[in-house]
Amino acid sequence: MKYRNAILIVLLVIIADQILKFYIKTHFSNGDDVKIIGSWFRLHFIENEGMAYGMKLSESVIGKLLLSSFRLIAVVFGFYLLNRLVKKGYGKGVIICGSLILAGALGNLLDSLFYGMIFSDSPYTCFSGNYDSLHSMFQNHNQVAVAHLTKYGQGYGKFLQGKVVDMLYFPVLETRLPRWVPFMGGKDFVFFEPVFNIADAAISVGVLTLVFFQKRLIHKPLEATGAAQHTPDAGTPVADNQ
């Protein structure tokens, strides 16, 4: 697989991720929840200052700067490593997984780098609500309460201090656990509660595929010279030893 094909995968994931984030950021109030397919697939707009699926390194500005700086270093190293994997002849599966992981890291890094510089804030307000469809949301929504693009540098934050936009929510099962369940008995339970974005999903798919199919995907690449010695060209007669 060629390096430019890997870069194409990265670009496609980033474009899809950023288009959806821009749409959510400029059309949803923070906290809006819209049903897309029944109750188990929703668009639920939240922002976080941390890692994938809302995890945080620290509540402080220093923690945010450290995390964004680490992301930047990881992405730069990721491009180098992806190029090395291609040059060493690793299989297509490994390259695709690496491209997905790199795309996800870069997608969230762009939020951290620039969103604070180009968007107004999306604070939690009384305008957010629960809607049965996008149509019903736009009929009853106050567009003043959503974020807007600003002149560069006049947004809600500084460079490296942007918040990551999340919106994909799949509460497949919502129930109240029986009282006999240890520790959680009698409490509400949601199966798969995290809210995430396309970048998070790309990272998860890439990592989980490598973990579960590592024996099939990860193997020592054949050296070109070794492969040539052991693979005779089709149509070339084998020399007669007699």
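The values are calculated or read from the model by the stated rules, or taken from the named source; none is laboratory data. Quick caveat, the model's predicted, so the values are computed rather than measured. Every residue, glycine as well, gets a Cβ built from its backbone with ideal geometry; the counts of neighbours run over all protein chains shown. Only protein heavy atoms, including side chains, enter the accessible area calculation; ligands, DNA and RNA are left aside. Shrake-Rupley method; radii C 1.70, N 1.55, O 1.52, S 1.80 Å.
Observations on the model:
- Gap separating the Cα centres of the range 30-46 and the range 100-152, nearest whole Å: 13 Å
- Annotation for the range 138-206: trypsin sites (Lys or Arg not before Pro) lying in DSSP loop with at most 13 further Cβ atoms inside 10 Å of their Cβ are 151, 158, 179, 187.
- Computed over neighbours whose Cβ is under 12 Å from that of residue 190, the net charge equals 0, Lys and Arg +1, Asp and Glu -1.
- Principal axis analysis of the Cα atoms in the range 24-178 yields extents of 55, 43, 33 Å, listed in decreasing size.
- Neighbour-limited loop hits for chymotrypsin sites (Phe, Trp or Tyr not before Pro), the range 154-204 (at most 13 other Cβ within 10 Å; DSSP other than H, G, I, E, B): 159, 180, 183, 192
- Within the full protein context, the accessible area of residue 1 is estimated at about 70 Å² for a probe radius of 1.4 Å.
- Accessible area of the range 99-170 divided out per residue, in Å², using a probe of 1.4 angstrom: 48 Å²
- Filter on 64/92; 35/64; 21/87; 25/64 - keep pairs with C-alpha separation over 30 Å: 64/92; 35/64; 21/87
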